[in-house]
Amino acid sequence: MATPVVGVLALQGAFAKHIETLNSLGVDAPEVRLERELDTVDALVIPGGESTTMSKMLDLNGLRDPLAKRLADGMGVLGTCAGMILLAAEVLDGRPDQKSFNAIDIAVRRNGYGRQIDSFEADLPLEGSDDPFRAVFIRAPKVEKAGPGVDVLAEVADVPVLCRQGSITVASFHPELTADNRIHKGFLATIDV
Ligand code: GLN
């Protein structure tokens, strides 16, 4: 299989570490801010950050429709934290003007883990491995519903935190913040080029 070019949406938020992780896996990971940059990539990472701001900037940069079209065409996308919110079918506690792409059949509650534990870490068992993945959650979205077509790849306290449906993978945590690159590797394995 050819090595895919995996763009990282760089409108706002935690995009730099995703680029480092992808580069460490030998993958070219250009920053994507414009439609012509989106046109050059095989797949995309939508990072964590602030989903309301990113939603606004997608419109300001003219990326909303081109990205919706690539999603409809089956482009592989990894959405982490705010990226998960942007890809969800339903956003609870979102801002009224915030839009999501309805690319994966999940309902997520923004900042759903509440104030007491708005940031925490958890060890996730990963299928096919004896070593857990140390996941960092930062004001994370909480998955409140996952449709029948969604594969739940990891859970914390019975709540899905890593989900996949077709070409879309979403994590409520920040896999780019730890040296462990298995989540990115798993995503790369889903990309057809
Ligand atoms: N709470 C943020 C939001 O609603 C997401 C936090 C994150 O991406 N670390 O967009």
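The values are calculated or read from the model by the stated rules, or taken from the named source; none is laboratory data. Quick caveat: nothing in here was measured; it's all calculated off a predicted structure. Areas reflect the complete protein model, heavy atoms only, side chains present, ligands, DNA and RNA absent. Shrake-Rupley method; radii C 1.70, N 1.55, O 1.52, S 1.80 Å.
Report, to the nearest whole %, how much of the accessible area of segment 144-193 belongs to carbon and sulfur atoms, 1.4 Å probe, protein only. Write down the numbers at each step before the final one.
Working: 1100 of 2210 Å².
For segment 144-193, the apolar C and S fraction of the accessible surface comes to 50 percent.
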(request) Would you mind estimating how fast segment 1-135 diffuses translationally, via Stokes-Einstein at 10 °C and 1.306 mPa s with the Kirkwood radius over Cα pairs, in µm²/s? (result) 100
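How many Lys pairs in the chain lie less than 20 angstrom apart by Cα atoms, where the lysines are 8 or more positions apart or on different chains?
Lysine pairs meeting the criterion: 6.
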(request) May I ask you to derive the relative contact order of segment 19-127, considering only C-alpha pairs under 8 Å and at least 6 residues apart, and to give it as an integer percent? (result) 22
(message) With only alpha-carbon atoms in the gyration tensor, what are the semi-axes of the equivalent ellipsoid for segment 13-85, in Å, largest first?
(response) 18, 15, 11
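Express the relative contact order of the chain as a whole percentage, based on alpha carbon pairs under 8 Å and six or more residues apart in sequence. Intermediate values should be presented prior to the final figure.
Details: 418 pairs, mean separation 38.7, N = 193.
Relative contact order, the chain: 20 percent.
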(request) Could you state the accessible area per residue of segment 33-182 in Å², with a 1.4 Å probe and every protein chain left in place? (result) 47
